[in-house]
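To keep things clear, I will list the structure first and then write my remarks on it.
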Amino acid sequence: MSEYIESILRDNEQLVYRAKLHWIVALWPLLFVVLSVPVTALSRTAGLALLGQLWMGFASIWVAASVIDYLISEMAVTDQRIVGKVGFFKGKLIDTELSRIEEIVVTQGAVGRALGYGSLVVRARREPELRIHRLLDPERFRQMAVEQTSVNTPDGPSNDPRSQTGPAPLMRTLSEREEENRITERDRQCE
């Protein structure tokens, strides 16, 4: 499971923090399996029974795919970059240098805050936007990335939020970004 992260570490690179997806990734598929059982069991006609069996088969495949995604997905913050892999069927490899990161945004709805998961958006110079949904403890992940960014900045941490040299731009909250009119519709959809 964790061989990928270990295999791509550079010689002088140290692993700082490791994260996984939250178990919630399998919730909807499991609910579909549970709902398919009564449809199949209580069917009085062959057509409804077949429909229930098809539904159960589809939901079972969805559960299996979600569990595989959960088991193989991993992300990490090192002292130099954010690395990882997410998903199997729609796999995404992650490798972003900390020095290129401009902003890290965490969004969590009420359920996500209560259960400890959320979405993480990483914006880096000259790289496509990185979005990871249903990440376990995304605020801690962001905090660790920001700490490493400030450690690796030649001038050290900046106390001026307008400074572009320190980690301050990474620490903006969703509400601050709304005030700046820099929030996108996609950020709102992550909540």
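The values are calculated or read from the model by the stated rules, or taken from the named source; none is laboratory data. Quick caveat, the model's predicted, so the values are computed rather than measured. Ligands, DNA and RNA are excluded from the accessible area calculation, which covers all protein heavy atoms including side chains. Shrake-Rupley method; radii C 1.70, N 1.55, O 1.52, S 1.80 Å.
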What accessible surface, in Å², does a 1.4 Å probe find on PHE141, ignoring ligands, DNA and RNA and rounding to the nearest 10? 0 Å²
Give or take rounding to whole Å, what are the principal axis extents of the alpha carbon atoms in region 1-152, in descending order? 67, 33, 24
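Relative contact order (percent) for region 3-77, with alpha-carbon contacts under 8 angstrom and 6 or more residues of separation?
48 percent
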For q values of 0.19, 0.24, 0.25, 0.28 Å⁻¹, compute log₁₀ I(q)/I(0) with the Debye formula on a Cα-only model of region 1-71, without solvent. -0.78, -0.98, -1.01, -1.13
